[in-house]
1. Which of the strands (runs of 3 or more DSSP E) contained wholly in segment 223-329 include at least 2 residues that are within 23 Å of GLY137 (Cβ to Cβ)?
2. Would you be able to say whether some residue in segment 227-249 is modelled with pLDDT of 90 or more, of a type in the set (A, V, I, L, M, F, W, C) and farther than 20 Å from SER295 by Cβ?
3. Check whether at least one residue in segment 200-220 is in the same structural domain as PRO278 (by TED's automatic domain parsing), in contact (Cβ under 8 Å) with a residue 60 or more places away in the chain and under 30 Å from ARG8 (Cα atoms), and report yes or no.
4. Taking only segment 101-130 into account, find how many residues are without any contact (Cβ under 8 Å) to a residue 12 or more places away in the chain and either part of a loop (DSSP other than H, G, I, E, B) or under 24 Å from the mean Cα position of the chain (by Cα) (or both).
5. For TYR262, which of the numbered conditions (1) under 30 Å from ALA320 (Cα atoms); (2) crowded, with 17+ Cβ neighbours inside 10 Å fails to hold?
6. Which of the residues that make up segment 44-100 are within 16 Å of the ligand (Cβ to nearest atom), part of a helix (DSSP H, G or I) and of a type outside the set (D, E, K, R)?
7. For segment 14-54, which positions are surrounded by 12 or more Cβ atoms within 10 Å (Cβ to Cβ) and on the phi > 0 side of the Ramachandran plot?
Amino acid sequence: MSESWNRRHVLSLCDFEPWEYDAVLQTANSFREVLSRRTKKVPTLQGQVVTNLFFEPSTRTRSSFELAAKRLSADILNFAAGSSSLTKGETILDTAKTYLAMGTDMMVIRHQEAGVPAAIAAEMDRLNCGVGVLNAGDGQHEHPSQALLDLFTLCTTIDRSQPKLSLLKGKKIAIVGDILHSRVARSNLWSLTASGAEVHLAAPPTLLPAAFAEFVQGTPIDRQLFIHWKLDDAIRDADFVMTLRLQKERMTSHLLPSLREYHREFGITRDRLKICNPHVRVLHPGPTNRGVELSSDVMDDPNMSLVSEQVTNGVAVRMALLYLMGSSR
Ligand code: NCD
């Protein structure tokens, strides 16, 4: 790698350069090796404070950032909105500044509103305190660390020893489900199109962004991105199928006739996957509505499902992000 990492905040993948993706992939691969040792810890961030500021529920993202920070020997503070002074009327910026005053070096932020991590990052820059901010999911906007762990999972499935962005060039990747509400899909669109993969989106029209409704089914939005109203057209010969959770908490009106009908039209089952590449692998960021977006037998089949691998890889990828951001401070 000739370039050196100088990104203090990771808020979106929209302006990520190919070498930055490769830096994350290669660094995560070396941390994955550390995690396979008997002593799974390195002193890299010793003495530094990482604060998890989660204003929205989370299982895997919050825990995996916590474990990543601990494996790097950082001290970790965990903030949970429900039991905090927010309930007494404190503003989000004041909460962030409270953690800054305790010596926080990096903040990992999840919020139900798009733009909150960016607003806190701007305030940290204004204060010139050198704190790095990592977006762990903001509203329907982006979830960069999830897309990077998805990317790492895809690339290491192809080549375990040398994961790099270019391995996905020409691969057919389908993203299926609630794209309208998905920050995971939005971040994945940046990384997957940057890789040169052919990306096919499949969803009922009510679960796609309104701008996509103008595109005739199957036509390319650009050379690499295709829209489908029917599942089979999207997954035919696909190398990877990425499924998304139906985000019922973000649905403001009735967008689906019923979950059973959704499953019939867009649910991923062993039978539906028969038209894919015979080596097809299935991903899901979790949490999963079993039997709705993904059938249990596919989800639990280690020869087809990469779901557990995604969770395992999440720790190494988040170690890589904290390490790289820490090195730019
Ligand atoms: C995703 C999220 O919160 O955006 N989950 C995750 O971080 N693993 C996707 C989801 O909630 O469906």
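The values are calculated or read from the model by the stated rules, or taken from the named source; none is laboratory data. Quick caveat: nothing in here was measured; it's all calculated off a predicted structure. Positions of Cβ are backbone-derived with ideal geometry, glycine not excepted, and every protein chain shown enters the neighbour counts.
1. Values: elements: 225-228, 240-243, 281-283.
In segment 223-329, 240-243, 281-283 are the strands (runs of 3 or more DSSP E) which contain 2 or more residues that are within 23 Å of GLY137 (Cβ to Cβ).
2. Quick first cut of segment 227-249, residues modelled with pLDDT of 90 or more only: 227-228, 230-246.
Filter once more, keeping what is of a type in the set (A, V, I, L, M, F, W, C): 227, 231, 234-235, 238, 240-242, 244, 246.
Imposing the further condition that a residue be farther than 20 Å from SER295 by Cβ reduces the set to 227.
Yes, some residue in segment 227-249 is modelled with pLDDT of 90 or more, of a type in the set (A, V, I, L, M, F, W, C) and farther than 20 Å from SER295 by Cβ.
3. First, pick out the residues of segment 200-220 that are in the same structural domain as PRO278 (by TED's automatic domain parsing): 200-220.
Now narrow it down to the ones that are in contact (Cβ under 8 Å) with a residue 60 or more places away in the chain: 202-204.
Imposing the further condition that a residue be under 30 Å from ARG8 (Cα atoms) reduces the set to none.
No, every residue in segment 200-220 fails to be in the same structural domain as PRO278 (by TED's automatic domain parsing), in contact (Cβ under 8 Å) with a residue 60 or more places away in the chain and under 30 Å from ARG8 (Cα atoms).
4. Result for segment 101-130: 2.
5. It fails just one condition, (1).
6. THR61, SER63, SER64, PHE65, LEU67, ALA68, ALA81, listed by residue number.
7. none
For (1) among the β-branched types (Val, Ile, Thr); (2) touching a helix residue (DSSP H, G or I) at 6+ places or on another chain (Cβ under 8 Å), each residue gets a yes or a no:
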| residue | (1), (2) |
| --- | --- |
| ALA119 | no, yes |
| ALA122 | no, no |
| GLY132 | no, yes |
| GLY139 | no, yes |
| THR153 | yes, yes |
| LEU168 | no, yes |
| LYS172 | no, no |
| ASP178 | no, yes |
| ARG186 | no, no |
